[in-house]
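The values are calculated or read from the model by the stated rules, or taken from the named source; none is laboratory data. Every value quoted in this text rests on a predicted model; they were computed, and no experiment measured them. Note: ideal-geometry Cβ built from the backbone for every residue, glycine included; neighbour counts use all protein chains shown.
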Amino acid sequence: MWSSDRRSFLTLAALAGLAACGFTPAYAPGGGAQALTGRIALPDPVTPDDYILVREMEQRLGRASGPYALEMAPRVMEERMAVTANNIVTRFNVVGEVAWTLKDAAGRTLATGTENSFTAYSATGSTVATQAARRDARERLMRILADQLVTRLIAAAPALTGSTG
């Protein structure tokens, strides 16, 4: 019982400390997510991977034409992971990264970075099943990279927009 009371006390003390320092949740009114929603222009997609990445970014940040512009360069590679004695690949890793740069209307670089992740798929089914698994793995990867990129942008939002958070 005492342990539970102690945890409650420590949790309340931590929350009081955050409130005292001006902490604002990212998705609260005035938070970093609200400051960037509908304000970042995304590039036109060229490849199917670009399309998925831009679509996922638009779902999180909205469609916009400025005042910020995000340049993204996604790159995807497939690695053979499980190979049988007959040299047949039964599993692939799909490794991806997206290098990004956020610029203002004057073209000045405000933030830059690279997000990395991976996913995998099995190649043990039929040809159709393997191709579907491959497409699904690439879509999952783009979704993961979009989540990471949006998180970085929201974390940088107070410095970009001049708000406290």
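Out of R91, R39, R80, R60, one residue alone is within 16 Å of the chain's Cα centre (by Cα) and not hydrophobic (A, V, I, L, M, F, W, C). It is R60.
Scanning segment 101-124 turns up at least one residue that is more than 21 Å from V54 (Cβ to Cβ) and charged (D, E, K, R).
Listed by first and then second residue, the pairs linking a residue in segment 38-63 that is closer than 16 Å to T151 by Cβ and of a type in the set (V, I, T) to a residue that is assigned to a helix (DSSP H, G or I) and at pLDDT below 95, with Cβ atoms under 9 Å apart and 6 or more places separating them unless they lie on different chains, are I40/M57; I40/L61; I40/L153.
Checked against the criterion of being farther than 30 Å from V150 by Cα and free of Cβ contacts under 8 Å to residues at least 60 places away in the same chain, the candidates V98, V83 yield just one match: V83. Annotation: of all residues in segment 59-92 being surrounded by 16 or more Cβ atoms within 10 Å (Cβ to Cβ) and touching a Gly at 6+ places or on another chain (Cβ under 9 Å), the one that is modelled with the lowest pLDDT is A64. The condition of being touching a helix residue (DSSP H, G or I) at 6+ places or on another chain (Cβ under 9 Å), touching a residue at least 60 places away in the same chain (Cβ under 8 Å) and not in a strand (DSSP E or B) holds for L153.
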